[in-house]
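Participant: To start, I am sharing the structure in question, which I have written as structure tokens.
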Number of protein chains: 2
Amino acid sequence: MVKTFWTLLVGLVLAFGAAAENGYRLWLRYDKIGDAAMLVQYQERIQGYRFFGESPTLQVAKKELEMALAGLLGNLPSGGSNQVIIGKKTDLPQLSGIAISLKTKDLDKEGFAIFTHQENTIITANDDAGVLYGVFHFLRLLQTQQEISNLNILEKPKLDRRILNHWDNLDRTVERGYAGFSIWNWHTLPEYLDPSYTDYARANASIGINGTVLTNVNANALVLRPDYLEKVKVLADLFRPYNIKVYLTARFSAPIELGGLATADPLDPAVQQWWKEKADEIYRLVPDFGGFVVKANSEGQPGPQVYGRSHADGANLLADALAPHGGIVMWRAFVYSAEDATDRHKQAYNEFVPLDGNFRPNVMVQVKNGPIDFQPREPAHPIFGAMPKTPLMMEFQITQEYLGQGTHLVYLAPMWKEVLDFDIDGKGSTVASSLLPTGQASIPQTSSLTGIAGVANIGNDINWTGYHFGQANWYAFGRLAWNSDLSSEKIAEEWLRMTFSNKKTVVETLKTLMLASHETCVNYMTPLGLHHLMATGHHYGPGPWIGDLSRPEWNPTYYHRADEKGVGFDRTATGSNAISQYSPAVQAIFSSRQHCPEKYLLWFHHVGWGEKLASGKTLWEELCRRYYQGATDVADMRRSWQSLKKEVDEQRFQEVDMMLQIQEKEAKWWRDACLTYFQTFSKMEIPEGFEKPAHDLDFYKKLDYPYAPGH
Amino acid sequence: MVKTFWTLLVGLVLAFGAAAENGYRLWLRYDKIGDAAMLVQYQERIQGYRFFGESPTLQVAKKELEMALAGLLGNLPSGGSNQVIIGKKTDLPQLSGIAISLKTKDLDKEGFAIFTHQENTIITANDDAGVLYGVFHFLRLLQTQQEISNLNILEKPKLDRRILNHWDNLDRTVERGYAGFSIWNWHTLPEYLDPSYTDYARANASIGINGTVLTNVNANALVLRPDYLEKVKVLADLFRPYNIKVYLTARFSAPIELGGLATADPLDPAVQQWWKEKADEIYRLVPDFGGFVVKANSEGQPGPQVYGRSHADGANLLADALAPHGGIVMWRAFVYSAEDATDRHKQAYNEFVPLDGNFRPNVMVQVKNGPIDFQPREPAHPIFGAMPKTPLMMEFQITQEYLGQGTHLVYLAPMWKEVLDFDIDGKGSTVASSLLPTGQASIPQTSSLTGIAGVANIGNDINWTGYHFGQANWYAFGRLAWNSDLSSEKIAEEWLRMTFSNKKTVVETLKTLMLASHETCVNYMTPLGLHHLMATGHHYGPGPWIGDLSRPEWNPTYYHRADEKGVGFDRTATGSNAISQYSPAVQAIFSSRQHCPEKYLLWFHHVGWGEKLASGKTLWEELCRRYYQGATDVADMRRSWQSLKKEVDEQRFQEVDMMLQIQEKEAKWWRDACLTYFQTFSKMEIPEGFEKPAHDLDFYKKLDYPYAPGH
């Protein structure tokens, strides 16, 4: 034990060296390619490069290409043949005109083509942004060591707005942030431009993210004050070359707090005038300002309902102020009320679906992936597909509020894909397609605005996300926002090759580990459709016993409804009937105790402890089996990681290994705390062959973590 | 303007490269020596090395030496002659025995000798710590490109306890912290050992700091809970090889909050027993635990006076618990009371001096450098020299709470030296000597405990201190704690050579800039003995007009006492007579309107606006002149920095330049806000030749910064 510690200590000293692998570079690592054959092949293929165009975006693209080629190839090529030729279609020389028009006829905005033309490689697009994305794509090919001698690539994003939501407060704390302080140092802006701002923009541009909401949805009106808008302007100027628009959260009561008005009633002309003038002021500073995100009448935030107005009235107020400038409102559907005894699952749908058609054309309704709140697993939100006249925006949570926070390795792409691929109508119309514009969606849509948002997991920790594997979720969100058809596996492989190694054993071992990690987390936290068993407030660790909070729907007991007979929330017609909000085809599956997929079983059904599941085991046995499986699988993850000790640099190897140690401990904690609690209802023994929980229930109940991060 | 921004942007892209100069390495940079002649000379002199001894401390010293030599010399030397021979005296081979005993006869604990012996260089000491310090000293010689062919160095620290105080909270916020979150991630301890913990230990060891108080003096009892003590233990284990002891702050009411007792009365046997058991528990985990720092009965903190007991009763309670294990109590003298109408300047002295002789031998009284609170300039605290039976510990503030916080370049060594060199008795007995043990102090002392504390300026920002030049103050504190005779100039030069460059133009230009920076800050903030003019709470920016706070001594108007006649706090016999707490010789100087140094003038005297000062100018004119001089000098600092554009790496050049832009703006803000305010009393014009303030007083009064950091 002492020796292990000592070895570790000496190992960590390496961190200070010039070549510290601290993770700051993210996946944009341009170290010289180690595979000699591959290097020669690339050097042969890239003997020079020519860049056409001069815009700020093209300049940063050029800078990136030069930095990357100099690194990857060992030095910057400057020869005259076998060139990479980069520029907008309109800027490229006549020479390759025919080829270009053939290869790029379906390019739209932001799309790009990369193709081999005679001895050259062409990267082109209709617009600056497309060129930038094309350059990053080309670099990704090199970083992941793909064949580049006969390229014929055309890519364009499926959704127009691909946005990070930062739940960052003006005091630099981050709600649900597990990677230190906010990267936005408002205090030293606008003069001090931290280099991390630029590197943030580069990282986002490399995966196609084109918008950032700088501030928390639990909003502070202060960010709309002139001095703060000057700070926002500087960030917008910095991000603009990277094709990233800045957005802000708008506190609905800002006209009162900042403007000194007596009301924030959306139908009050003075309020309307205030927002109009505020929007004008913003656009004078930030001509391409993206718009506002609003959380209203939810969890204590002010909103239009204070004045007896609807969400549409509220959204339209802001939309009208932004419309002359081309801005949009992203109005969040995450609402539920302490005064409403309806199953929380149903409330957002009940409030929003009747408003379909009442929103201005520049309003999007931003809907969390599931009907409760970013749980380890949720069925898709029933609003998707149910508001054909309103553009819906998907809201994913990249930061792992409910999925192990800053210390668990949980690769989220499979979870997001599960929702995007969710069959809304039993005929293959997916949630993903419900986000597409008119004409492309498989269910009727009348809107053209499209978008997807991810709640960021970024802080000022040296490695950005607090945990190296947190970077994978940032990466995966961007890639899926660009193209939701990409497989979780492909994304994991790309990220691993760029971030850790192109070696097959590394890629295959870690891909397997990552792809299984979400199911593993579900198993040790909330298997079989259980949800919201987390401790109060900070949501760190298990608290299934909590049932005394003032708002009923904040209590884990509200969700699991365990009693002597069984466990689970009956949301069928015999219960809350939340199931009625889904299409008949989906209802038919979920309402059936037999056909309901086990992963959603206790989400929709109250099931007896002794009832048999598909495995032939009783519910209690199956519950135990899954909790134990989850904990066992984490131990396997760690062993699997340790098998790569020689393949990964010392610093990152140790850091990940220490994190896995935490995850291993906490997976057991989840398992033992939940099972000893549920056992008080089931009155059944932990099945033979499983180690007994380490402590009694009282021990777990007494644990407290007042300073768990992120709340 | 646009172009400048653009250039900056492109420049900042460099940050992401592998060789980013982000400041993380601090002054421990081991890049290959650029001066070819010097490199050859070193390579000649260091053809190999031999390390004797195996202890953890010697292992980290060896690791450091190897990393440094490999870097500085280009590769690790392994030859057999011209060696560096390193080890404790008792471990070194007989061979050089005679030389060693001659050269090292005055070595004490922690001291070291470095000397040339025939063709070899010997680094030796009585103990492991001395060897470690000797290695770092030797590396400093190389880093600063000193001659090493004929060395004859013997160094030992003047003070035994050289300690950083972290005002870090368990939620990772840092009181008066301007460099991001706390580096202590309590949540992921004890499993996750961030590499920065080790690098923190290395940096401290390199400058002789041998203790760290992990937690805020505004204390939280929770850190004494068993689970937190497990985290403390791991940090202590990590720091031990670097000769760094861990200390904690003890919340006086912990027996109530953690122990469930009804009282924290120091004379209550149950309370005594609780602390005894708590100390025993701590030492089981951390056998070399340093002890407690306590802030009691001050600014709302609990303390013995709640129970009618004295500070000595309180300190002795904890001292008795720690004594069996060798721990100490550092009891802070920073006390003042809202109920006490006495000049705040006098209160600590009044409370503590009568207790001299009543403290246990393992208690130190920790005294801030001045009688108010870390102001840009204060006369020395009158307690120094006034408690001969009590070991006094100096408390400096490295973090720049009142000196421009995270964004002003203010090199603090001259300010600290001014206090250390303060003549207590008019006979040359300095504050520095009053900290020395019996027999060495020039004024009588009966104690043997010695120490000095500095409130850290460290956070999780990538460059540790938020600002590259903040690193200089951390460095300078360590160096002065080791040897207060070192000049500010020598320390600045060392730091510059290690951190930026050995080039003469860089060293000379920046040394001049650094050495003048404190006086410059005093000029634009609080010249002529003014103090505590800062805004409320966060202390960011000027607020001289504030006079309505509930506690009188929290108001700037309490300190400057401006009226139509003049400005300044009469602390002579005609006023508060705080001056009576100094020795007669000091009194004689300070009480005289003629002899009182102008730097303390308004600290001790209320002076008429029209009174003539030594310069022949009236007070008003001189006040204006100094404020304008301060602002002008900052502009010069920036020009001076910009002259080095080609000598400093791009990233740090830009970062410092942006900070100087902030300082330039804020220096004018201070000047204009203070002068427009004082003008309402003086009714005099800003003298001819000075630009008029940019705004009227009302403008400055309305500025507010609710999220200024660090409070």
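Every number here is computed from the coordinates shown, using simple stated rules; none is lab data. Worth saying up front: this structure is predicted, and the values here are computed from it rather than measured. Methodologically, a virtual Cβ is constructed for each residue, glycine included, from the backbone with ideal geometry; neighbour enumeration extends over all protein chains shown.
Participant: Take A:H532, B:H711 and order them by how many other Cβ atoms sit within 10 Å, fewest up front.
Facilitator: B:H711, A:H532
Participant: What list of ³J(HN,Hα) couplings, whole Hz, do you get for segment B:590-600 from phi and the Karplus terms 6.51, -1.76, 1.60, once you set θ to phi - 60° and write x for glycine and proline?
Facilitator: Result, ordered by residue: 5, 6, 7, 4, 7, 8, 4, x, 4, 5, 10 Hz.
Participant: Oh, and also: What does the average come to when, for each residue of peptide A:195-204, you count the partner chain Cβ atoms lying within 10 Å of its Cβ?
Facilitator: Partner-chain Cβ atoms within 10 Å, mean over residues of A:195-204: 4.
Participant: With a 10 Å Cβ neighbour count serving as the proxy for reagent exposure, in which order, fewest first, do A:Y582, A:Y628 appear?
Facilitator: A:Y628, A:Y582
Participant: OK, next. Give me P(r) over segment B:159-305, computed from all C-alpha to C-alpha distances, binned every 10 Å, as integer percentages.
Facilitator: 11, 41, 35, 12, 1
Participant: How charged is the neighbourhood of A:F252? Take every other residue with its Cβ under 12 Å from the Cβ of A:F252, and add Lys/Arg as +1 and Asp/Glu as -1.
Facilitator: Charge balance in the 12 Å sphere: +1.
Participant: Give me the tail of P(r) for segment A:153-219 as a percent: Cα-Cα pairs with distance above 13 Å.
Facilitator: 69 percent
Participant: Using Cα-Cα distances under 8 Å and only pairs 6 or more residues apart, what relative contact order does segment B:278-422 have, in percent?
Facilitator: Over segment B:278-422, the number comes to 19 percent.
Participant: Mind checking which of A:I122, B:T124, A:G300 is farthest towards the positive end of the protein assembly as shown's charge dipole, using Cβ charges of +1 (Lys, Arg) and -1 (Asp, Glu) about the Cα centre?
Facilitator: Going by the Cα projections, it comes out as A:I122.
Participant: Amide H neighbours of A:V293 under 5 Å, at least 5 residues apart or on other chains, H built in the peptide plane: list them.
Facilitator: Amide H neighbours of A:V293, under 5 Å, 5+ apart: A:L248, A:T249, A:A250, A:M330.
Participant: Just check segment B:258-350 against the gyration tensor rule for me: Cα atoms, a ≥ b ≥ c as the square roots of the eigenvalues, rounded for a/c under 1.5, and otherwise prolate or oblate depending on whether a/b exceeds b/c. Don't skip to the answer; put the middle values down first.
Facilitator: Values: a/c = 2.70, a/b = 1.73, b/c = 1.56.
Prolate, because a/c is 1.5 or more and a/b exceeds b/c.
Participant: Right, next: Out of B:G259, B:A333, B:N82, whose Cα points farthest toward the positive end of the dipole of chain B (charges: +1 Lys, Arg; -1 Asp, Glu; placed on Cβ)?
Facilitator: B:N82
Participant: Then there is this: Among the listed pairs A:K231/B:K368; A:K245/A:K665; B:K89/B:K295; A:K103/A:K490; B:K158/B:K645; A:K231/B:K692, which have their C-alpha atoms separated by more than 30 angstrom in this model?
Facilitator: A:K231/B:K368; A:K245/A:K665; B:K89/B:K295; B:K158/B:K645
Participant: What is the gain in length, in nm to one decimal, between A:Q661 and A:H711 on full extension, counting 0.36 nm per residue of separation less the C-alpha to C-alpha distance?
Facilitator: Length gained between A:Q661 and A:H711: 15.6 nm.
Participant: Taking amide H atoms as placed 1.01 Å from N in the peptide plane, list the residues 5 or more away in sequence, or in a different chain, whose amide H sits under 5 Å from that of B:I153.
Facilitator: B:I114, B:F115
Participant: Under 23 Å Cα-Cα from B:K646, which lysines qualify once same-chain neighbours fewer than 8 residues away are excluded?
Facilitator: Straight-distance partners of B:K646: A:K63, B:K3, B:K32, B:K503, B:K504, B:K511.
Participant: Could you order the peptides A:28-41, B:114-127, B:387-400 from most to least packed, using the average number of other C-beta atoms within 10 Å per residue? It would help to have the intermediate numbers written out before the result.
Facilitator: Numbers: A:28-41: 14.5, B:114-127: 20.6, B:387-400: 24.3.
By packing density, highest mean first, the sequence is B:387-400, B:114-127, A:28-41.
Participant: How many nanometers, to one decimal and shortest first, lie between the label point of B:Q41 and those of its other copies, if labels sit 7 Å from Cα toward Cβ?
Facilitator: 5.3
Participant: Tally Lys and Arg at +1 and Asp and Glu at -1 over the other residues with C-beta under 12 Å from the C-beta of B:G370: what net charge comes out?
Facilitator: Residues close to B:G370 contribute a combined charge of -1.
Participant: So who's got an amide H within less than 5 Å of the one on A:M393, skipping anything under 5 residues away but keeping other chains? H placed 1.01 Å off N, in plane.
Facilitator: Residues meeting the criterion, in which the H sits 1.01 Å from N, are A:V365, A:Q366, A:V367.
Participant: Now, a different point. Given axes a ≥ b ≥ c from the Cα gyration tensor, I'd like to know whether segment B:634-711 is rounded (a/c under 1.5), prolate (a/b larger than b/c) or oblate.
Facilitator: oblate
Participant: If you don't mind, there's one more thing I want to ask. Work out the mean other chain Cβ neighbour count within 10 Å for the residues of B:399-406 and drop it here as an integer.
Facilitator: Mean partner-chain Cβ count within 10 Å for B:399-406: 1.
Participant: Moving on to the next point. Can you find, among B:Q594, B:Y524, B:T572, the residue sitting farthest towards the positive end of the charge dipole of the protein assembly as shown, where Lys and Arg contribute +1 and Asp and Glu -1 at Cβ?
Facilitator: B:Y524
Participant: To check you understand DSSP bridge types, tell me what percent of the beta bridges within segment B:78-234 (both residues inside) are antiparallel, rounded to 5. Write out the running numbers ahead of the final one.
Facilitator: Working: 10 of 18 bridges.
Beta bridges within segment B:78-234, antiparallel portion: roughly 55 percent.
Participant: Now for a separate question. Could you tell me the distance between the Cα centroids of segment B:414-441 and segment B:641-661, to the nearest Å?
Facilitator: With segment B:414-441 and segment B:641-661 each reduced to a Cα centre, they are spaced 38 Å.
Participant: Using only Cα atoms, what is the ratio of the radius of gyration of segment B:582-711 to 2.2 N^0.38 Å?
Facilitator: 1.34
Participant: If you bin the C-alpha pair distances of the protein assembly as shown every 10 Å from 0, what whole percents do you get?
Facilitator: P(r) for the protein assembly as shown, in whole percents per bin: 1, 8, 15, 19, 20, 17, 12, 6, 2, 0, 0.
Participant: What FRET efficiency, computed as 1/(1 + (r/R0)^6) with R0 = 35 Å and r the Cβ-Cβ distance, is obtained for A:A338 and A:D698, rounded to the nearest 0.05?
Facilitator: Given R0 = 35 Å and the Cβ-Cβ separation, E is 0.70.
Participant: If I model a spin label at A:T536 and B:M38 as a point 7 Å from the Cα along the Cα→Cβ vector, what separation in nanometres do I get?
Facilitator: 6.3 nm
Participant: Next up: If you place +1 on the Cβ of every Lys and Arg, -1 on the Cβ of every Asp and Glu, and leave all else neutral, what size is the dipole of segment A:47-91 about its Cα centre, to the nearest 20 Debye?
Facilitator: Values: 5 positive and 4 negative charges, 20 e Å.
My answer is approximately 100 debye.
Participant: Pull out a ≥ b ≥ c, the square roots of the eigenvalues of the alpha-carbon gyration tensor of segment B:409-549, then state rounded if a/c is under 1.5, prolate if not and a/b is larger than b/c, and oblate in the remaining case.
Facilitator: Note, shape of segment B:409-549 comes out oblate.
Participant: In addition: What distance in nm separates the simple spin-label points at A:L154 and B:N350, each placed 7 Å from Cα in the Cβ direction?
Facilitator: Modelled inter-label distance: 8.6 nm.
Participant: If you stretched the chain out fully between A:A614 and A:R50, how much longer would it get, using 0.36 nm times the residue separation minus the C-alpha to C-alpha distance?
Facilitator: Additional length available on full extension: 196.9 nm.
Participant: Taking R0 as 45 Å, what FRET efficiency do you get between A:E230 and A:S78 from their Cβ-Cβ distance, rounded to the nearest 0.05? Mind dumping the intermediate values first?
Facilitator: Working: r = 42 Å, r/R0 = 0.93.
It comes to 0.60.
Participant: Here's another thing I want to ask about it. Just how far, in whole angstrom, is segment B:455-522 from segment B:185-204 if you go by their alpha carbon centroids?
Facilitator: First find each Cα centre; the distance between them is then 24 Å.
Participant: Taking 41 Å as R0, compute the FRET efficiency from the Cβ-Cβ separation of B:A573 and B:E685 and round it to 0.05.
Facilitator: With R0 = 41 Å, the Cβ-Cβ based efficiency is 0.75.
Participant: Can I ask one more? Quick one: check the C-alpha center-to-center distance for segment B:669-689 versus segment B:292-358, whole angstrom.
Facilitator: After rounding, the separation between the Cα centres reads 41 Å.
Participant: Hey, another quick one. Antiparallel as a % of all DSSP beta bridges within segment A:80-159, to the nearest 5? Numbers along the way, then the final one.
Facilitator: Values: 9 of 14 bridges.
Within segment A:80-159, antiparallel bridges account for around 65 percent of the total.
Participant: With 17 Å as the cut-off, how large is the P(r) tail for segment A:413-492, expressed as percent of Cα-Cα pairs?
Facilitator: 54 percent
Participant: If you average the sequence gap of Cα pairs under 8 Å that are 6 or more apart and divide by the length of chain B, what percent do you get for the contact order?
Facilitator: 12 percent
Participant: Counting residues in segment A:90-230 as N, plug N into 2.2 N^0.38 Å and put the Cα Rg over that result.
Facilitator: Normalised Rg, Cα atoms only: 1.36.
Participant: Let me ask something else about it. Quick one: Cα convex hull volume of chain A, Å³ per residue? Please report the intermediate quantities before stating the final value.
Facilitator: Working: hull volume 118.0 nm³, N = 711.
Dividing the Cα hull volume of chain A by its residue count gives 166 Å³.
Participant: In debye, nearest 20: dipole of segment A:161-250 around its Cα centre with unit charges on the Cβ of K, R (+) and D, E (-)? Before the final figure, lay out the partial values.
Facilitator: Working: 10 positive and 9 negative charges, 79 e Å.
The dipole magnitude comes to about 380 debye.
Participant: Then there's this: Could you please report the charge total around A:T198, scoring K, R as +1 and D, E as -1 over all other residues with beta-carbon less than 14 angstrom from its beta-carbon?
Facilitator: Combined, the nearby Lys, Arg, Asp and Glu give -2.
Participant: Just for chain A, what percent of DSSP beta bridges are antiparallel, to the closest 5?
Facilitator: Within chain A, antiparallel bridges account for around 25 percent of the total.
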